[in-house]
Amino acid sequence: MSKRKQQTTQPIILRTLERALSRKRPHNTHEVSNFTEWLFNNLPDDLKSFTSVDGAGNLHVDARASGSRTLFIAHVDTVHRDTGVNKIKKTQTHWYADGAPLGADDGAGCAMLMHLIHNGVRGYYIFSQGEECGGIGAKFIAKDTQLLKQFDRAIALDRKSTRLNSSHIPLSRMPSSA
């Protein structure tokens, strides 16, 4: 089986996580733009017409067909100071970075949002920009009171700390289906 074929049969959560962790994504760089575009391109086709980008570059995905009043949000940028390949090492139980932050803040949140979207969890999803630079995208969203009035709850998926060992993501805790 070709590598390309293997990649497309992986669950979306793993494909997203691998994509997110493989590149350093400081705010306002081509790496963030490329990752945001990758997220859009890997959405289910039926949701692409319900997707938009706001003035801060936040990617909005409206998957509320059943009238959900839940907002899910994760951010696409990382704390890295430069762009390029992020050297990830994998064991059977953990992924970790070699000499740099892992990028799970917030690659893990983006992977979970893609997992929820692909599994039909209804809601409104935002992949925000510039969280590591003072919450640029979140502040832009906060000004849009018309948007925010549509929700009863907001669930922010963001990685905290450097322990769990938080520079590690236990694969045993990851869902096995896309």
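Structure notes:
Conditions tested, residue by residue: (1) in contact with a Phe, Trp or Tyr (Cβ under 7 Å, 6 or more places away or on another chain); (2) surrounded by 15 or more Cβ atoms within 10 Å (Cβ to Cβ); (3) at pLDDT below 90; (4) of a type in the set (S, T, N, Q).
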position	(1), (2), (3), (4)
GLY137	no, yes, no, no
LEU148	no, no, no, no
ARG153	no, no, no, no
SER166	no, no, yes, yes
PRO170	no, no, yes, no
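- Condition check for VAL79: at pLDDT 95 or above and more than 19 Å from LEU14 (Cα to Cα): no
- When ARG81 is tested against (1) open to solvent by 40 Å² or more (accessible area, probe 1.4 Å); (2) closer than 29 Å to LEU47 by Cβ, exactly one condition is not met: (2).
- Only one of the numbered conditions (1) under 19 Å from GLY109 (Cβ atoms); (2) at pLDDT 90 or above is violated by GLY55, and that is (1).
- When segment 40-52 is filtered for residues that are under 13 Å from PHE127 (Cα atoms) and exposed (fewer than 14 other Cβ atoms within 10 Å of the Cβ), only SER52 remains.
- Every residue from segment 76-105 that is of a type in the set (S, T, N, Q) and within 16 Å of the chain's Cα centre (by Cα): THR78
- Qualifying residue in segment 20-36 (condition: over 21 Å from GLU132 (Cβ atoms) and either outside any loop (DSSP other than H, G, I, E, B) or open to solvent by 30 Å² or more (accessible area, probe 1.4 Å) (or both)): no
- Verdict on LYS160 being at pLDDT 85 or above, open to solvent by 60 Å² or more (accessible area, probe 1.4 Å) and of a type outside the set (A, V, I, L, M): no
- Scanning segment 87-104 finds no residues that are open to solvent by 40 Å² or more (accessible area, probe 1.4 Å), more than 30 Å from THR145 (Cβ to Cβ) and assigned to a helix (DSSP H, G or I).
- Just one of (1) touching an Asp or Glu at 6+ places or on another chain (Cβ under 9 Å); (2) modelled with pLDDT of 95 or more; (3) within 23 Å of HIS27 (Cα to Cα); (4) open to solvent by 10 Å² or more (accessible area, probe 1.4 Å) fails for ALA74. It is (4).
- Scanning segment 113-135 for residues that are open to solvent by 70 Å² or more (accessible area, probe 1.4 Å) and in a helix (DSSP H, G or I) gives a single hit, CYS133.
The values are calculated or read from the model by the stated rules, or taken from the named source; none is laboratory data. Keep in mind it's a predicted model, so treat the numbers as computed, not measured. Note that we place each Cβ from the backbone using ideal geometry, even for glycine, and neighbour counts take in every protein chain shown. With ligands, DNA and RNA removed, areas are computed over all heavy atoms of the protein, side chains included. Shrake-Rupley method; radii C 1.70, N 1.55, O 1.52, S 1.80 Å.
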